[in-house]
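For reference, the structure discussed in these notes is given below.
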Amino acid sequence: MAEKVFMIALSPTMEEGAILKWRKKVGDAVKMDDILCDVETDKASMEYVSSQEGVILAIVKEVGASAKVGDTIAVIGEAGEDPTPLIAESAPSTPKAAPAPSTASTATPATAPASTPSTSIADTATSGRTKSSPLARRIAAEKGLNVAEIPGSGPGGRVVKADVEGYTPATTVKSSVPASSPLNNDRIPVSRKRGTIAKRLSESLFTAPHFFLTLGIEMDGLLTAREKLNEKRKDKLGLNAFLIKFLAEALKRHQALNASWEGDYIQNHASVDIAIAVAQPDGLITPVVRDCGSKGVLQIETELRDLIDRARNNQLKPDDYSGATFTISNLGSFGIEEFTAIINPPGAAILALGATVKTPVVADDDSIVIKKIMKVTLSCDHRVIDGAVGAAFLTEFKGMVEDPYRVLL
Amino acid sequence: MAEYAYDVVIIGGGPGGYVAAVRASQLGLKVAVVEKDKLGGVCGNWGCIPSKALINQAEYFHAIPALQNLGIKVDASGLDYAKAYQKSREAAERSGKGVQFLMKKNKVEVISGTATLTGPHEATVDGKKVTAAYVVLATGSRPRQIPGFEFDEKTVLSSTGILSLQNLPKSLLILGSGAIGMEFAFVMSTFGVEVTVVEMLPRILPVEDPDTAAVVEKAFVKRGVKFLTATKALTLKTSATGVEVEVERAGKKETLKAEKLLVAVGRVPNTDNLGLDKLGVALDRGFVTVKDFYQTSIPSVFAIGDIVPSPLLAHVASKEGEIAVEYIASLMGKGKAPHEKKLDANLIPGATYCEPQIASFGWAEDKAKEKGLAYKAYSFPYNGNGKASAIERPDGLVKVLFDPKTHEILGAHVAGYNATEILHELLLAKKAELLPEDIATMVHAHPTISESVMEAARGVEGWAIHI
């Protein structure tokens with residue numbers, strides 16, 4: 001029966017130790033009182049003397065790895081036994097949930113596969129390259145599988161045909177073989193897009209003095225109105241289109257918010273060009289709906305859809321995403337209640353939209369009512385916008401959303 | 001494990017046993033081999049090695065017309081077959097000495113005598129007990145006798161008997177057109193013996209692919225060998241002048257006469273008189289039943305080679321021996337268990353050493369068809385190969401069976417000059433799961449017969465050049 005080899009307290013105070021050197025390797029026979037490995041403790045380097053007998057089936061903690069007293073450092077047993085169940089037991093659970101937003105894009109900078117789970121752990125620890133047979137690769141490609149994710153059973157842990165044919169992504173998660181981390185130490189080259197994002201946003205945050213204004217907007221009125229409008233429509237209107245329309249109307253009434261800092265002058269903009277931040281697999285982009293002030297919700301919606309579609313498919317032209325006078329960023333769909341955004345130059349302000357949350361509100365008659373509240377935070381470039389100006393604009397916007405008739409005024 | 005005299009005792013010093021012994025010794029085990037006859041077994045003494053020596057002599061003889069063609073005056077009349085026989089014995093002698101040297105070099109103790117298994121850790125050799133932590137049975141096989149056609153080794157011969165002949169018969173009847181039958185048909189017909197081959201199945205070399213078998217058949221017929229396929233041998237009468245065999249073909253009976261009869265209808269495992277039944281080692285139709293790593297139903301007893309149900313071939317025995325002792329070594333704390341638990345039948349090459357040769361592995365087309373396997377086949381003929389053409393060996397082909405979707409190699413069959421040597425590139429590809437395109441795009445030296453392997457692989461991909 002295979003059994004785990006635990007880290008033991010090699011000194012009275014030892015809680016944790018690092019493996020300095022393995023004196024035995026996988027396949028080696030271990031007798032009672034054999035020195036298994038050298039361990040660096042809190043005090044000194046100590047020899048780990050085995051109290052178990054058998055053949056080393058797997059080394060769980062490689063040289064340099066640290067193990068708490070009680071952690072499994074190796075698996076010992078009879079030759080030919082499969083150590084993987086015990087390794088899996090001793091591995092910290094590795095959540096497989098991929099945090100990456102939706103689709104993997106071809107534009108993603110190529111990164112080495114994180115790790116190749118393999119029945120032979122030593123092999124994977126050393127090589128970043130996935131060993132696989134050409135036939136295995138061809139079958140994997142046909143099945144749309146990534147060979148790097150398939151445990152290899154061939155010589156030296158090579159992925160062979162049988163591994164690919166016997167592989168279902170679900171089972172690997174279950175048997176999440178060795179304790180390989182879902183993280184890696186890769187250096188990812190900075191793409192041009194990433195570089196641009198980094199440069200523009202740091203420039204913005206470090207040169208434009210930001211200040212932030214937050215308030216909650218009652219969304220009940222707008223949501224009901226939208227619902228009514230959508231009842232008779234096949235293509236439903238999105239909330240963003242309405243918000244952009246209201247912002248445009250508010251901006252028309254507050255020139256200072258539709259302007260840019262140009263160093264020795266402030267540039268006012270006659271056209272209200274509102275951008276919306278769209279997440280992409282390899283960054284984010286801000287497509288612009290031009291001249292929102294003279295467009296209706298319907299037209300804004302149409303243009304917005306087209307822009308977002310193209311943004312997600314990396315098909316935007318520079319004209320589509322540059323020169324916004326105002327930007328919105330909406331993280332409400334992620335459940336974010338409120339946040340602050342960095343101004344997207346040449347605009348002088350950006351509005352961060354949170355999630356719409358049912359909230360108890362104290363009404364005028366001191367009764368408590370449940371309202372759907374969306375928190376919005378306006379980031380302003382203080383060089384262009386003063387606090388009161390920003391506040392007036394934001395209140396105007398709030399009023400319009402809560403009471404759409406105000407737009408008529 | 002001091003309680004036993006040896007870590008491993010191997011019963012049988014043939015290609016299975018002696019290779020296992022060397023491997024075990026390499027892994028640090030204390031090994032003994034028990035051999036009742038000569039080291040090297042049938043392979044070294046009465047099989048592969050002496051027969052290849054004989055075939056080589058036959059090939060020299062076969063080359064006389066080519067020499068005459070050069071204007072060299074060769075008088076073939078003085079052929080003394082006893083000299084060819086002598087050559088084959090010398091080869092066997094050399095082989096035996098080679099194995100002896102290997103035993104000595106690897107400190108393997110050789111115990112002469114006949115062993116019986118008397119316990120899970122014990123063999124008795126001529127009354128003396130030999131104990132070991134593990135026992136490996138490698139006792140090999142012997143020619144199969146058919147009732148009514150028992151060997152007398154004078155006129156009714158087994159492969160051993162025919163290798164012992166010192167004079168050529170005028171005529172030879174061969175029962176069985178497998179590798180052994182065909183090799184002796186080649187040797188004997190080349191030396192001028194009138195050869196008739198009787199095969200029960202509808203075609204010769206039944207385990208081989210029909211296309212490669214046809215190449216050999218054509219060459220043999222040209223040489224004057226007679227084939228009677230789908231023919232059953234019924235009775236045998238021996239007399240002072242030779243044999244009379246009554247055969248039946250398509251309902252018609254016929255009597256064939258010849259000076260000698262070679263019965264080459266397969267081999268049977270040497271599993272009796274070993275003490276297996278007493279110990280309770282499980283058998284199935286004479287073969288020892290084995291689990292992974294060739295372990296028998298008794299955990300300390302392993303069995304390899306011709307006595308287990310895998311192809312009865314020397315190279316199979318050797319590999320099985322390696323697997324078994326590597327596993328035993330791992331059980332004793334020496335090294336890792338072998339990666340392969342058992343041989344994959346699709347990766348075992350077969351070779352028939354006549355001229356032209358045949359070599360193959362994996363699926364043959366007729367069996368694939370019968371099984372309903374999804375496959376495609378491509379054959380590249382030797383006459384498209386520069387080297388084959390230059391040395392006047394245009395008869396032959398390289399055939400690859402492959403998966404229509406993935407192009408995985410399912411089987412390969414080579415017939416022709418050097419077939420047994422050039423097969424291995426395809427076999428390596430199969431084993432490593434390389435694809436035909438990997439061979440197709442690899443530069444092969446020119447001019448070589450191996451280029452036809454490359455061309456066959458290109459043919460699979462649809463772009464063979466020299467055709």
Counted residues, the stretch A:249-285 - those being within 31 Å of the chain's Cα centre (by Cα), small (Gly, Ala, Ser) and not in a loop (DSSP other than H, G, I, E, B): 3
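Got a number for residues in the stretch A:301-319 being crowded, with 17+ Cβ neighbours inside 10 Å and either modelled with pLDDT of 95 or more or under 25 Å from the mean Cα position of the chain (by Cα) (or both)?
Just the residues of the stretch A:301-319 that are crowded, with 17+ Cβ neighbours inside 10 Å, to begin with: A:301, A:303-304, A:307-308, A:310-312, A:316.
Applying the additional criterion that residues be either modelled with pLDDT of 95 or more or under 25 Å from the mean Cα position of the chain (by Cα) (or both) yields A:304, A:307-308, A:310-312, A:316.
Selection size over the stretch A:301-319: 7.
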Of all helices (runs of 4 or more DSSP H) fully inside the stretch B:347-452, the set with 1 or more residues that are within 14 Å of chain A (Cβ to nearest Cβ) and within 23 Å of B:Lys319 (Cα to Cα) is B:419-431
Take the residues in the stretch A:56-70 that are more than 16 Å from A:Ala2 (Cα to Cα) and within 32 Å of the chain's Cα centre (by Cα); name whichever of them is farthest from the other protein chains (Cβ to nearest Cβ). A:Lys68
Out of everything in the stretch B:453-467 that is over 23 Å from B:Lys367 (Cβ atoms), aliphatic (A, V, I, L, M) and without any contact (Cβ under 8 Å) to a residue 60 or more places away in the chain, what residue ends up being farthest from the other protein chains (Cβ to nearest Cβ)? B:Ile465
Across the stretch B:2-20, the tally of residues that are on the phi < 0 side of the Ramachandran plot and assigned to a loop (DSSP other than H, G, I, E, B) stands at 8
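Looking at the stretch B:429-467 only, could you name the residues that are of a type in the set (Gly, Ala, Ser) and over 27 Å from the mean Cα position of the chain (by Cα)?
Of all residues in the stretch B:429-467, those of a type in the set (Gly, Ala, Ser) come to B:429, B:432, B:440, B:445, B:450, B:452, B:456-457, B:459, B:462, B:464.
Hits for the stretch B:429-467 are B:Ala440, B:Ala445, B:Gly459, B:Gly462, B:Ala464.
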Under 9 Å between Cβ atoms, at least 6 apart or on separate chains: pull out the pairs that start in the stretch B:150-168 with a residue that is small (Gly, Ala, Ser) and end on any residue that is surrounded by fewer than 16 Cβ atoms within 10 Å (Cβ to Cβ). B:Ser158/B:Arg144; B:Ser158/B:Gln145; B:Gly161/B:Asp152; B:Gly161/B:Glu153; B:Gly161/B:Lys154; B:Ser164/B:Glu153
Regarding the stretch A:312-334, can at least one residue be identified that is among the acidic types (Asp, Glu) and over 16 Å from A:Asp273 (Cβ atoms)? no
Given the criterion in contact with a helix residue (DSSP H, G or I) (Cβ under 8 Å, 6 or more places away or on another chain) and within 14 Å of another protein chain (Cβ to nearest Cβ), identify the matching residue among B:Phe287, B:Phe302. B:Phe302
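This table checks each residue for (1) buried (at least 19 other Cβ atoms within 10 Å of the Cβ); (2) free of Cβ contacts under 8 Å to residues at least 60 places away in the same chain; (3) over 14 Å from B:Phe402 (Cβ atoms).
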{"site": "B:Ser330", "(1), (2), (3)": "yes, yes, yes"}
{"site": "B:Lys334", "(1), (2), (3)": "yes, no, yes"}
{"site": "B:Gly350", "(1), (2), (3)": "yes, no, yes"}
{"site": "B:Phe361", "(1), (2), (3)": "yes, no, no"}
{"site": "B:Lys367", "(1), (2), (3)": "no, yes, yes"}
{"site": "B:Tyr378", "(1), (2), (3)": "yes, no, no"}
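Please find, within the stretch A:29-39, the residue that is nearest to the other protein chains (Cβ to nearest Cβ) out of those that are touching a Gly at 6+ places or on another chain (Cβ under 9 Å) and buried (at least 18 other Cβ atoms within 10 Å of the Cβ). Reasoning before the result, please.
First, pick out the residues of the stretch A:29-39 that are touching a Gly at 6+ places or on another chain (Cβ under 9 Å): A:29-31, A:39.
With buried (at least 18 other Cβ atoms within 10 Å of the Cβ) added as a condition, the list becomes A:29-30, A:39.
On the way: A:Ala29: 2, A:Val30: 8, A:Val39: 23 Å.
Looking at residues that are touching a Gly at 6+ places or on another chain (Cβ under 9 Å) and buried (at least 18 other Cβ atoms within 10 Å of the Cβ), I get A:Ala29.
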Those residues of the stretch B:199-248 which are more than 24 Å from B:Ala368 (Cβ to Cβ), of a type outside the set (Lys, Arg) and in a helix (DSSP H, G or I) amount to B:Ala219, B:Phe220, B:Val221
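Residues checked against (1) in contact (Cβ under 8 Å) with a residue 12 or more places away in the chain; (2) farther than 29 Å from A:Ile285 by Cβ; (3) assigned to a loop (DSSP other than H, G, I, E, B):
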{"residue": "A:Ala324", "(1), (2), (3)": "yes, no, yes"}
{"residue": "A:Ile328", "(1), (2), (3)": "yes, no, no"}
{"residue": "A:Asp366", "(1), (2), (3)": "no, yes, yes"}
{"residue": "A:Ile370", "(1), (2), (3)": "yes, yes, no"}
{"residue": "A:Ala392", "(1), (2), (3)": "yes, yes, no"}
When both residues are 6+ apart or on different chains and their Cβ atoms are under 8 Å apart, which pairs have a first residue that lies in the stretch A:136-162 and is under 19 Å from B:Asp403 (Cα atoms) and within 9 Å of another protein chain (Cβ to nearest Cβ), and a second that is among the small types (Gly, Ala, Ser) and part of a helix (DSSP H, G or I)? A:Val160/A:Ala136; A:Lys161/A:Ala136
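Could you please give the count of residues in the stretch B:217-233 that are in contact (Cβ under 8 Å) with a residue 40 or more places away in the chain and within 22 Å of B:Leu157 (Cβ to Cβ)? Walk me through it before giving the result.
Just the residues of the stretch B:217-233 that are in contact (Cβ under 8 Å) with a residue 40 or more places away in the chain, to begin with: B:218-220, B:225, B:227, B:229, B:233.
This time we only want the ones that are within 22 Å of B:Leu157 (Cβ to Cβ), so: B:220, B:225, B:227, B:229, B:233.
Selection size over the stretch B:217-233: 5.
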Do we have any residue at all in the stretch A:195-217 that's crowded, with 16+ Cβ neighbours inside 10 Å, touching a residue at least 12 places away in the same chain (Cβ under 8 Å), of a type in the set (Val, Ile, Thr) and farther than 30 Å from A:Glu402 by Cβ? yes
List the number of the failed condition for B:Glu340; all other conditions in (1) farther than 30 Å from B:Thr116 by Cβ; (2) away from chain A (no Cβ under 14 Å); (3) of a type in the set (Asp, Glu) hold. (2)
Residue that is crowded, with 23+ Cβ neighbours inside 10 Å, under 20 Å from B:Phe220 (Cβ atoms), touching a residue at least 12 places away in the same chain (Cβ under 8 Å) and more than 16 Å from the chain's Cα centre (by Cα), where the choices are B:Ala412, B:Ala419, B:Ala388: B:Ala388
Quick check: anything in the stretch A:380-399 of a type in the set (Ser, Thr, Tyr) and over 17 Å from A:Phe242 (Cα atoms)? no
For the stretch A:134-169, name all the residues that are surrounded by fewer than 21 Cβ atoms within 10 Å (Cβ to Cβ), small (Gly, Ala, Ser) and assigned to a helix (DSSP H, G or I). A:Ala141, A:Ala148, A:Gly156, A:Ala162
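The values are calculated or read from the model by the stated rules, or taken from the named source; none is laboratory data. In this text the structure is predicted, and so the values were computed from the model without any measurement. We place every Cβ from the backbone using ideal geometry, glycine too, and count neighbours over all the protein chains shown.
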